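Working notes, structure below.
Please treat every number below as a calculation from the coordinates, not as lab data. As the structure is a computational prediction, the values presented were derived from the model and not from experiment. Virtual Cβ from ideal backbone geometry, glycine too; neighbours counted across all protein chains shown.
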Amino acid sequence: MTALVKSEVLKLWTTRLVPGLLLTFLGLIVLYVFVAVSQTSVTDIELSPEGPFAAAAAGVILVLMLGVTVTAGEYRHGTITATFLVAPRRERVLLAKLVAALLLGFAFAVAGVVVNVGVGWLAVELKGADVSPFDGAVTEMLGGTLLGCALWSALGAAIGAATRNQVTAIVGAVVWFLIAEPLFGSLLDHWGSYLPGAALGAIFESHGDLSRTGGILASLGWIALIGAIGAVLVIRDDVN
Amino acid sequence: MLVAEGLTKRYGKVLAVDDLSFQVRSGTITGFLGPNGAGKTTTLRIFLGLVHPTSGTATIDGKPYDRLERPARVGAVLEATGFYPGRSGRDHLRAFATAAEIPIQRVDQVLAVVGLEDAANRRVGGYSLGMRQRLGIATALLGDPEILILDEPANGLDPDGIRWIREFMRGFVGDGRTILVSSHVLAEIAQVADDVLIIDKGRLVAQAPVAELTARTSGAVRVRSPQAKRLHELLGPAAAVESEGALLVQGRSAAEVGELAAANGIVLHELVEEAATLEEAFLELTAE
């Protein structure tokens, strides 16, 4: 199993997409910090100190794309055939892919948090605001970022397995998270907080109806549900 | 040994493989022949666990592929196998060697076997078709397999590439290993295969050693004579005009034709018994 996970990580890291996603993710974080700090007054920064340190959360769609690549990417390029020849027990391959997605999502988060803390701290110091990333609320949110990114990546892997099509998965996810879910969410009242985007969001920062723990549990539920659908389809279907 | 028993695969209304049963002997090159769409690729993919049969079984040494203790002892080069274009040949091999727990040194060995050392660090996107085919073979060889399954390995290759594949196959079975190779290009198979399996519309048409198969199919006698017309009259419908002054005779041996000519005082310029080629055997067997 360890060998399969190593192979998955190696496969991802030797694509051009994954290092590109990481650079984009880190670049977005720097940009976000710059905008957040320059557009906010010192008083407002001191009132809500997590602001400049919430940059990683803004880039989660990239982490989702990372996860999608873990599963659907191999169908796109036809390498899934070689993968199943080496490891014909597809359920083991899928489990390895899930672990690889969690690990890489976490690695993205660690890099993102390091950059966010470094750049954010420098920015607030230059601005003259009395804020530290080791402030309770900020630290809590950064911790949520580490877990939240890993789970976004796992969710991406589950969606990628269920669709086995990179473009469908990414377009579908963007439409869902940016348009459909906010609409449904408002119709569903407080149940809307349990929809996947809101549930994952609660891990970064708990909101009205959902605590952080509730967000983690709801997110795991979504990953398990979509992942199970993906596993059934991947195992059942022929690879032609 | 590869064994198919009652193998059937249905895609909707289309029966791609229809109650196919055969065995592939160890230590041989078995050519798997059939026209395009005969069900060759589907059958090979069923053996490799990629396609689930509707019914029947395909086993390798008694086990389905996904129950083999070491799947890497079976190597496969399939047509639709893709490569990530941005990844180097070496990284491609490293990824799959890692998954199969094969030491990384093996990567350089297989690169040398297929002659890709110089291109190993280049992106696969820039490889020619022949180089990709070699990289596919290198991937299949990672686990030092005892059995190789090749799906149309010569497709799209130039004559050099085709010769390379043929020599590679000969060398591979030289050590008592087994190859099952599909093709619709008969000339390719005829030169290397020991046994031939012929399928058409998903059904087994023939399975035999190449020599036996060509012998089974009727040959013809070619006879050339300045008195061809007279000879044609004597032979009747068994003869057909091949060209000016030459006849092709079916169902008579060269000796019979020669004796008939001598008895009638006919001069012969040429008398040859032409063995049926595998291609003729194939066309005869897969004819409607």
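Here are some notes:
- Which listed pairs, of B:K40/B:K201; A:K11/A:K97; A:K97/B:K63; A:K97/B:K9; B:K63/B:K201; A:K6/B:K63, have C-alpha distances above 19 Å, in listed order: A:K97/B:K63; A:K97/B:K9; B:K63/B:K201; A:K6/B:K63
- Separation of alpha-carbon centers, the stretch A:174-222 and the stretch A:1-61, rounded to whole Å: 20 Å
- Working note: Karplus 6.51/-1.76/1.60 with θ = phi - 60° gives the stretch A:114-129 the couplings 4, 5, 4, 5, x, 5, x, 5, 4, 5, 5, 4, 4, 6, x, 8 Hz, where Gly and Pro are set to x.
- Ratio of Rg to Rh over chain A (Cα coordinates, Kirkwood Rh, two decimals): 1.01
- Under-5 Å amide H pairs with B:L204, H placed in peptide plane, nonlocal only: B:S21
- Helix B:129-141 axis, angle to chain B major axis (alpha carbon atoms, nearest 10°): 70 degrees
- Residues whose placed amide H lies under 5 Å from that of B:L150, excluding near-sequence neighbours: B:V77, B:L180, B:V181, B:S182
- Relative packing of B:140-148, A:44-52, which averages over residues the other C-beta atoms within 10 Å, highest first: B:140-148, A:44-52
- Considering only the Cα atoms of the protein assembly as shown, their convex hull presents on average a projected area of 32.2 nm².
- Cα-based Rg of chain B normalised by 2.2 N^0.38 Å, two decimals: 1.25
- Helix-only mean residue ellipticity at 222 nm for chain A, each DSSP H run of n ≥ 4 adding -39500 (n - 2.57), per residue, nearest 500: -25500 deg cm²/dmol
- Within the listed set B:L268, B:L129, B:L33, the Gaussian network model of chain B (springs between alpha-carbon atoms below 10 Å) gives the highest mean-square fluctuation for B:L268.
- Total formal charge among the other residues, if their Cβ is under 15 angstrom from that of A:A57, Lys/Arg +1 and Asp/Glu -1: -2
- Vicinal HN-Hα couplings computed from phi for the stretch B:187-200 (Karplus, 6.51 cos²θ - 1.76 cosθ + 1.60; Hz; Gly/Pro x): 4, 4, 6, 4, 6, 10, 6, 8, 10, 10, 10, 10, 10, 8
- Note on the stretch A:70-147: Cα-only Rg and Dmax are 19.4, 59 Å.
- Alpha carbon centroid spacing (whole Å) that separates the stretch B:130-198 from the stretch B:12-66: 17 Å
- Shielding score for B:93-104, defined as the mean number of other chain Cβ atoms within 10 Å: 6
- Choice from A:L200, A:L98, A:L220 with maximal GNM fluctuation in chain A (Cα, 10 Å cutoff): A:L220
- Sorted by Cβ density within 10 Å, fewest first, the residues B:E273, B:E69, A:E8: B:E69, B:E273, A:E8
- Couplings 3J(HN,Hα) of the stretch B:156-167, computed from phi: x, 8, 7, x, 4, x, 5, 5, 4, 4, 4, 5 Hz, in residue order, whole Hz [Karplus 6.51 cos²θ - 1.76 cosθ + 1.60, θ = phi - 60°; x for Gly and Pro].
- Amide H contacts under 5 Å for B:Y11: B:A16, restricted to partners 5 or more places along the chain or on a different chain, H placed in the peptide plane at 1.01 Å from N.
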